[in-house]
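First comes the structure, then the notes that go with it.
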């Protein structure tokens, strides 16, 4: 009898752990911990990067100098809202909510290769304001080297909003970067 319980527990434990990893609340922290990522609201940088896939970018540089991320609900969220009959607009909220505690995650997002993540991180750092001064060197480097006009502008405005003292480093005018209506991927 005792052996039967031991076998049953030995076989069921991996199944239970596997089922637990299906839940995002268990999976994402484990992934972030293994990768050594920064966390914000118990979610690692890779979670916030994946969350950006639900966002749509709008970029209107020129007169208004606006970069906006809008989030459309996923099909599952729409389905749940219909069942529970929730009404309300979930669009247009800013990623990471302008919280200074999000700065470590935003700094990691600045290093991702895709421009969308980098634009979102630079913009969010600008909205955080002066607590994000630690990001100034990264933003200066991005503004000096990026081939993406929108990212250049996002970094430029983040530096202005943060109020960083650039010292001897001046952001160069980048005439080779021309305003475009299309964002780089």
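The values are calculated or read from the model by the stated rules, or taken from the named source; none is laboratory data. Bear in mind the structure is a predicted one, so any value in this text is a computation, not a measurement. Neighbour counts are summed over all protein chains in view; Cβ atoms, including those assigned to glycine, are modelled from backbone coordinates with ideal geometry.
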### Message
Looking for something modelled with pLDDT of 70 or more and under 16 Å from residue 97 (Cα atoms) - is there at least one such residue anywhere in the range 18-36?
### Response
no
### Query
Since residue 143 meets every condition but one in (1) out of contact with any strand residue (DSSP E or B) (no Cβ under 6 Å at 6 or more places or on another chain); (2) surrounded by fewer than 17 Cβ atoms within 10 Å (Cβ to Cβ); (3) at pLDDT below 90, which condition does it not meet?
(2)
### Message
I need every pair where a residue in the range 141-157 that is over 12 Å from residue 118 (Cα atoms) has its Cβ under 7 Å from the Cβ of a residue that is in a helix (DSSP H, G or I), sequence separation at least 6 or different chains.
### Response
156/143; 157/126
### Query
Between residues in the range 57-81 that are within 19 Å of residue 151 (Cα to Cα) and residues that are at pLDDT below 70 and outside any strand (DSSP E or B), which pairs lie under 7 Å by C-beta distance while being six or more apart or on different chains?
57/183; 59/183; 61/179; 62/179; 69/94; 69/95; 70/91; 70/92
### Task
Starting from residues that are in contact with a helix residue (DSSP H, G or I) (Cβ under 8 Å, 6 or more places away or on another chain) and outside any helix (DSSP H, G or I), keep the ones in the range 88-110 and report whichever is modelled with the highest pLDDT.
110
